[in-house]
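The values are calculated or read from the model by the stated rules, or taken from the named source; none is laboratory data. Note that the coordinates shown come from a computational prediction; the quantities given were computed from them, not determined experimentally. Here Cβ is always computed from backbone atoms with ideal geometry, including for glycine, and neighbour counts include all displayed protein chains. What goes into the accessible areas is simple: the full protein's heavy atoms, side chains included, and nothing from ligands, DNA or RNA. Shrake-Rupley method; radii C 1.70, N 1.55, O 1.52, S 1.80 Å.
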Amino acid sequence: MNAPASLTIYGDAASGNCQKVRFVADYLRLPCTWVPVDTVRGESRTPAYLAKFPQGQVPAIEIGGDRRLAQSNAILRYLARGSPLLPDDPWAQAKIDEWLFWEQYSHEPYIAVCRFQMFYLGKPKEAREPWRVERGEKALDLMQSALSGHEFLAAGVFTIADIALLAYTRLAREGGFDLSTRPAVMAWIARCEDALDLAPVTE
Ligand SMILES: N[C@@H](CCC(=O)N[C@@H](CS)C(=O)NCC(=O)O)C(=O)O
């Protein structure tokens, strides 16, 4: 594994997308500087931030002062290259990528956005859009099925697929989702938290 020279992570500590990046950097013991960006106060949309990261979002990283990268799962892939979190085998990588793309299209827009509405905006559970809740429930059901009889999501080992999905799944209760009916997901969360040395999320 090659540790990047002078890694800076721009992030919001409460954001699951940013936590993913933090989890990988900590797990791999990559020296880094964390720059807090308060997205609710518009700090990711200032001219200075947009000049660096035109997508105007966190997480984003800067390496050596001139290489910049946004999109959480692209960052995970870059930081984890050459480490056990991203095995070299092409098929293993393809199966990991399958989960990374699924996370962004079929999980995060439902689980994370419901959490945003409740946790960041303080809305009640009933204010969540029913279609979004339905898709979030389906995503959690799919994970329950995929993890039944399997310790981890891809390649039979702990990888960035687990870290990418862990971030918002372990916070799903904050978006009004019930994990207690999904024992395989709960056991997997505990395994991943153990691997990452994270304290369990309390209600
Ligand atoms: N697909 C992006 C999503 C990033 C994203 O939605 N970031 C949110 C915080 S979780 C953000 O920066 N929101 C502020 C904004 O869009 O202005 C990723 O995976 O990094």
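Once backbone amide H atoms are built at 1.01 Å from N, residue 60 has 10 as its partners under 5 Å, excluding neighbours fewer than 5 places away on the same chain. With helices as the sole contributors, the chain gives -13500 deg cm²/dmol at 222 nm; each DSSP H run of n ≥ 4 counts as -39500 (n - 2.57), and the sum is divided by every residue.
Rounded to two decimals, the Cα-based Rg/Rh of the chain, with Kirkwood Rh, is 0.96. In the structure shown, the pairs 95/125; 20/123; 20/125; 95/138 are assessed against 32 Å; a Cα-Cα span above that value is assigned to 95/125.
Electrostatic tally near residue 16: other residues with Cβ closer than 11 Å to its Cβ, Lys and Arg +1, Asp and Glu -1, net 0.
Expressed to the nearest 5 percent, the antiparallel share of DSSP beta bridges inside the stretch 1-63 is 45 percent.
Centre-to-centre, using Cα atoms only, the stretch 28-44 and the stretch 186-202 are separated by 23 Å.
Across 162, 88, 141, mean-square fluctuation computed from a Gaussian network of the chain (C-alpha pairs under 10 Å connected) peaks at 88.
Across the stretch 66-174, the mean sequence separation of Cα contacts (distance under 8 Å, 6 or more residues apart), normalised by length, yields a relative contact order of 38 percent.
For residue 180, the solvent-accessible surface computed with a 1.4 Å probe is close to 80 Å², ligands and nucleic acids excluded.
For residue 61, the solvent-accessible surface with a 1.4 Å probe is about 0 Å², rounded to the nearest 10. Shape of the stretch 4-122 from the C-alpha gyration tensor: oblate (a/c of 1.5 or more and a/b not above b/c, with a ≥ b ≥ c the square roots of its eigenvalues).
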